[in-house]
């Protein structure tokens, strides 16, 4: 099925990487990840940088910082629900406010990527997401 057919979480896969997780992180499959200053990944937090989307669910409940590894995709094109999209949202920056929550206004949270197109009937936006270090 072409990526232009808007279905939630439909993804074109990019480069895969690994990082250690934050303590007690419960990362959903395809959850957005940010990286803290020590290089650990987990739920997006204001002030951190987006690194990608988790390739699989990881549950580090009760675990310490760095107790578990997480594989993630640093570059993807995917349909995701974005709060506040309108017909003119093309090229708008999308911000991750949680593993699976995205909007256009929470600028202190990690920037995920730009909207390529929107489908207002589904509430989904096709987002070209790149890890912060790839955007320059």
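Descriptive notes on the structure:
- Flag if residue 47 is modelled with pLDDT of 95 or more, at positive phi and buried (at least 21 other Cβ atoms within 10 Å of the Cβ): no
- Candidate set from the stretch 9-23 (those that are under 24 Å from residue 45 (Cβ atoms) and at pLDDT below 95); member that is surrounded by the fewest Cβ atoms within 10 Å (Cβ to Cβ): 18
- Of note, residue 125 does not satisfy the criterion of being touching a residue at least 12 places away in the same chain (Cβ under 8 Å), touching a strand residue (DSSP E or B) at 6+ places or on another chain (Cβ under 9 Å), within 22 Å of residue 16 (Cα to Cα) and not in a loop (DSSP other than H, G, I, E, B).
- Yes/no for residue 26 being under 16 Å from the mean Cα position of the chain (by Cα) and either crowded, with 18+ Cβ neighbours inside 10 Å or modelled with pLDDT of 95 or more (or both): yes
The values are calculated or read from the model by the stated rules, or taken from the named source; none is laboratory data. Treat the numbers as computed from the prediction; the structure is a model and nothing was measured. We place every Cβ from the backbone using ideal geometry, glycine too, and count neighbours over all the protein chains shown.
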